[in-house]
1. Tell me which residues, restricted to the range A:699-714, are open to solvent by 10 Å² or more (accessible area, probe 1.4 Å), within 19 Å of residue A:642 (Cβ to Cβ) and either β-branched (Val, Ile, Thr) or more than 8 Å from RNA strand B (Cβ to nearest atom) (or both).
2. Is it the case that the range A:676-686 has a residue that's of a type in the set (A, V, I, L, M, F, W, C), open to solvent by 60 Å² or more (accessible area, probe 1.4 Å) and either farther than 14 Å from residue A:738 by Cα or out of contact with any strand residue (DSSP E or B) (no Cβ under 9 Å at 6 or more places or on another chain) (or both)?
3. Looking for whichever is away from RNA strand B (no atom under 13 Å from the Cβ), open to solvent by less than 60 Å² (accessible area, probe 1.4 Å) and assigned to a helix (DSSP H, G or I) here; the options are A:168, A:210, A:162. Which one fits?
4. Residues of the range A:443-473 being charged (D, E, K, R) and buried (at least 16 other Cβ atoms within 10 Å of the Cβ), which ones?
5. Could you give me the residue pairs with C-beta distances under 6 Å whose first residue belongs to the range A:277-303 and is at negative phi, whose second residue is of a type in the set (Lys, Arg) wherever it lies, and which are 6+ apart or on separate chains?
6. Within the bounds of the range A:394-406, is there any residue that is away from RNA strand B (no atom under 11 Å from the Cβ), assigned to a helix (DSSP H, G or I) and either open to solvent by 60 Å² or more (accessible area, probe 1.4 Å) or in contact with a Ser or Thr (Cβ under 9 Å, 6 or more places away or on another chain) (or both)?
7. Could you tell me whether any residue of the range A:97-114 is crowded, with 19+ Cβ neighbours inside 10 Å, at pLDDT 95 or above and among the acidic types (Asp, Glu)?
8. Condition first: open to solvent by 50 Å² or more (accessible area, probe 1.4 Å) and more than 9 Å from RNA strand B (Cβ to nearest atom). Now tell me which residues in the range A:251-279 satisfy that.
Amino acid sequence: MSEEQVVQDEALGAQQGIEQGAYSFPSIEARWPAVWDELGVFTPRDDGTRERRYVLDMFPYPSGDLHMGHAEAFAMGDVVARYWRLKGYDVLHPIGWDSFGLPAENAAIKRNAHPAEWTYANIETQAASFKRYALSLDWSRRLHTSDPEYYRWTQWLFLRFYERGLAYRKNHPVNWCPKDQTVLANEQVVNGACERCGTPVTKKALNQWYFKITDYAERLLDDMTELEGHWPERVLAMQRNWIGRSEGAHVRFTIEAEGPQPEREVTVFTTRPDTLYGATFFVVAADAELASELVAPGQAQALSEYQDRVKALSEIERQNTDREKTGVFLGRYAVNPLNGEKLPVWAADYVLAEYGTGAIMAVPAHDQRDLDFAKAFGLPVRAVLDTGEEDPAVSGVATNGEGTIINSGPLNGLSKAEGIAKAIEIVQDAGTGEGTINYRLRDWLLSRQRFWGAPIPIIHCPVDGEVPVPDDELPVRLPDDLRGEQLAPKGTSPLAAAEHWVNVTCPRCGGPAKRDTDTMDTFVDSSWYYLRYLSPDYTQGPFDPEAARRWMPVAQYVGGVEHAILHLLYSRFFTKVLKDMGLIDADEPFAALMNQGQVLNGGKAMSKSLGNGVDLGEQLDTYGVDAVRLTMVFASPPEDDVDWADVSPSGSAKFLARAWRLGQDVTSAPGTDPSGGDRALRAVTHRTIAEAEELLDAHKFNVVVAKTMELVNATRKAIDSGPGGADPAVREAVETVAVMLSMFAPYTAEDLWAALGHEPSVANAAWPQHDPSLTVEETVTAVVQVAGKVRDRLEVAPDISEDALRELALSSQNVARVLDGRGIRTVIVRAPKLVNIVPA
RNA sequence: GCCCCAGUAGCCCAAUCGGCAGAGGCAGCGGACUUAAAAUCCGCUCAGUCAGGGUUCGAAUCCCUGCUGGGGCACCA
């Protein structure tokens, strides 16, 4: 018996299994998964016969079972995947797990186990839940980032980045979470606290690995223009903000010799070179090496005490912008290259070591922070910009807007913009500066002192220094004999304790050497997983470049807005590097992005601490998969939050039963020509199809559900009190309902499709073509307004001429009565819908 | 403090180009069916669009101001 035959027989069996009468979601849910698997409905053909579309949901982290948030996000992605499949695209919709990460490690410590045990057990639980949830996924491409066959390629990519100078190590003060005992990227510090556990972050100087994402700042920013209109505007805004491009100038100031200290140059970054003449002092970041280098011997003690005070502050205190300005004079003077003026050099914590050059020229008259500092230490304030506002020295309010430049020699009389251009010209000619662009973006700190991640494939040799692990020795596997307490955070990586693992011979000189004991940030794993799906078994590289050419970029990416910066920025960075390596053609990984909203309960995010969580499994048991999915989609537009207390899964279940019952009332045979069917119902059907297409393209899924409900209502009416269930239009309508529902309620739709006498799967049905001749109204209601108020309605032909409509409107009794003899000033005609008569 | 988004029936939400404020659902009310109830079916009620001003023949829609809610950034020179 052929495989096809088996499938058909099973489908037939399923069809016969449908009982007349009640809609019962448990039996429907039991009927179809095996059929879908058998048919391979959701495996892309990848043979070029159809246009390819790649739909991707952000892959889950395996912490316990799926929750309501997953249910929402994946329901949305599945609508897109299923819609595109109906439209005839070859859809790739894969799934996998982001399975490295801290929670697994913490669980392992608690249970004296290996993180893999907890991780893979949770993955199996989630996989089963995904299958129950009837997502149209291609399971054959499943991946887990913690599999050696996956992280082998994460390590391979690290080495390619290393070769290109994009991965490097430096000793530097970094964000440190005292609780998780690991470093954090800037992106993982929220309001001075650890994004994950909320512990206030401290600074610690450590030798750490970085990716040089700053090399790509400009492209990351510029290429956003091609995402415009396809990504949520706020995500683009957040990324722009994070990259933080600002135009200005580098200006070199000479620091005069002082005692044993020689003369040297220090560069500042400023966005306002037009105010150079207003500089009255000079400030370097207190925590930068520069401060210690510059300080005159007599002030060294004072600086050191100040630095201790600054270090004692938590990041939260430090970031409080209301704080009094503090600082210490360094006993040195900087020479303003424009006017030769000597400016005292101070160290202060309001200047950030990380931004610009870590040194600024202070222009108190036109910068509020500088002004606050000047006031605190009695430094002079000189206005060089006349903005018409009160003198900042008097008002205490810095004037930073537009104005005319004064007290500034060659810049006098110029506007702000002219002054900036002129000042840059002057310093450039003098060789003391140049126009430049500065970015707020910092390099990505990727090393972590934790166990459950991809080991950094570097060997440290006392002779050869950093030596990359040769490609053919990848993956550098995690040792599998560390468990429980051995994994506990101690400030250095737990891997350091695995001596048999750490001690190796140097690949270059053969001498004794040690492995790098840090692991990579899990965001490295997730920065390229969308490529691995394209050729999950490929062994010649992280992915088959040919497959990437066929499928990239992702046509629709779906996920939460919480990744607006982190994951999405990193993935964009990886894509650009891979393009530079010639491995892919795409500049951007995700052509379109949809952020689904959160699922709330009673106005609040669900959380354990609030005790207001709604259990997904219980919802599925009570209302059925389809009702939960439909509720998610129908509640609001995808990007809006859904408050589970405001919606009605029981209502959804009722509707699905109502739709399903239609199938039992269709008495015509499959394949019946609808053309002789009830005209009114056909009009509703075809209008629904036409509207649904536009609405789906605009992601207004909730409205598509509403339109489907209308069609169900109209069909019910046609059956009960219209032409009856034998009318061919009724079959056409119910078939359309089945196709529409297949995007939101796959089980019910499949059952309905079978009840109509069709072979599975409805997911393979073609998108119905709407017939425009059926959607044309025979008459339309034209509204007649007098002075904007509706005074009459006329039934007219849709193609009525303006003149004819004007005539009709003007002869209306109601209009004459309202006008009451007044003259007419003008008549606006918008045929065929409206006439507005404006009285004199 | 700065920036962005959103405010439409009791509630969730619709409303192409500026053209009848209402598609759908929840809740509520009434009716049919039933010995009764559930389920099902049918029907009904409900706002003038956060407030104020402007543009327009005409504004939920465009502009300005404010209020409320949500989000982002926050000593970034």
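The values are calculated or read from the model by the stated rules, or taken from the named source; none is laboratory data. Nothing here was measured: the structure is a model prediction, and the numbers come from that model. Cβ sites come from the backbone with ideal geometry, for glycine too, and all protein chains shown count toward neighbours. The area values use the complete protein model at the heavy-atom level, side chains included, leaving out ligands, DNA and RNA. Shrake-Rupley method; radii C 1.70, N 1.55, O 1.52, S 1.80 Å.
1. So in the range A:699-714, the residues open to solvent by 10 Å² or more (accessible area, probe 1.4 Å) come out as A:699-700, A:702-703, A:706-707, A:709-710, A:713-714.
From what is left, the residues that are within 19 Å of residue A:642 (Cβ to Cβ) are A:699-700, A:702-703, A:706, A:709.
Within the range A:699-714, A:699, A:703 qualify.
2. Here is the first cut: in the range A:676-686, the ones of a type in the set (A, V, I, L, M, F, W, C) are A:680-681, A:683-684.
From what is left, the residues that are open to solvent by 60 Å² or more (accessible area, probe 1.4 Å) are A:680.
Filter again for either farther than 14 Å from residue A:738 by Cα or out of contact with any strand residue (DSSP E or B) (no Cβ under 9 Å at 6 or more places or on another chain) (or both), leaving A:680.
Scanning the range A:676-686, I find at least one residue that is of a type in the set (A, V, I, L, M, F, W, C), open to solvent by 60 Å² or more (accessible area, probe 1.4 Å) and either farther than 14 Å from residue A:738 by Cα or out of contact with any strand residue (DSSP E or B) (no Cβ under 9 Å at 6 or more places or on another chain) (or both), so the answer is yes.
3. Details: A:168 fails: assigned to a helix (DSSP H, G or I); A:210 fails: assigned to a helix (DSSP H, G or I).
Residue meeting the stated conditions: A:162.
4. Here is the first cut: in the range A:443-473, the residues charged (D, E, K, R) are A:443, A:448, A:450, A:464, A:466, A:471-473.
Matches in the range A:443-473: A:443, A:448, A:450.
5. A:278/A:382; A:280/A:382; A:294/A:332; A:296/A:332
6. Going through the range A:394-406, the residues away from RNA strand B (no atom under 11 Å from the Cβ) turn out to be A:394-397, A:399, A:401-406.
Next, only the ones that are assigned to a helix (DSSP H, G or I) stay: A:394-395.
Next, from what is left, pick out any that are either open to solvent by 60 Å² or more (accessible area, probe 1.4 Å) or in contact with a Ser or Thr (Cβ under 9 Å, 6 or more places away or on another chain) (or both): A:394.
Yes, the conditions are met somewhere in the range A:394-406.
7. yes
8. Start the filter on the range A:251-279 by keeping residues that are open to solvent by 50 Å² or more (accessible area, probe 1.4 Å), which leaves A:252, A:256-260, A:262-265, A:271.
Once the filter is applied, which keeps residues that are open to solvent by 50 Å² or more (accessible area, probe 1.4 Å) and more than 9 Å from RNA strand B (Cβ to nearest atom), the range A:251-279 yields A:252, A:256, A:257, A:258, A:259, A:260, A:262, A:263, A:264, A:265.
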